[in-house]
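Just so it is clear, none of the values below were taken in a lab; they were calculated from the coordinates. All values reported here derive from a predicted model rather than from experimental measurement.
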Amino acid sequence: METNLIIEGVKFMFLGMGTVFVFLVVMIACMNIMSSIINRYFPEPQSSADATTASAQVNNKKIVAAITAAITHHREG
């Protein structure tokens, strides 16, 4: 009698875990399909790499100068 209950419990466990697994697989597939549709109809605008690199270098120089000034001001007290 008890082994029958254990077997029934194991069956329900695998049924529940299988249901969750199938749901997660379907959800991942739907998300991938949705992502490909969105990327096809609404692509991200492409900017030129040269302009991005030049502005990043200018911003980095400004950040380094600001950090250097802050450290100098802090050390002078």
Query raised in the report: Angle between the Cα long axis of helix 49-76 and the longest principal axis of the chain, 0 to 90 degrees, nearest 10?
Result: 70
Report task. Convert each backbone phi in segment 29-35 into a coupling constant with the Karplus relation 6.51 cos²θ - 1.76 cosθ + 1.60 (shift: θ = phi - 60°), then list the ³J(HN,Hα) values in order as whole Hz, x for Gly and Pro. Result -> 4, 5, 5, 5, 5, 4, 5
Report summary line: Rounded to the nearest 500, the 222 nm mean residue ellipticity computed for the chain from DSSP H runs (n ≥ 4, each -39500 (n - 2.57)) alone is -32000 deg cm²/dmol
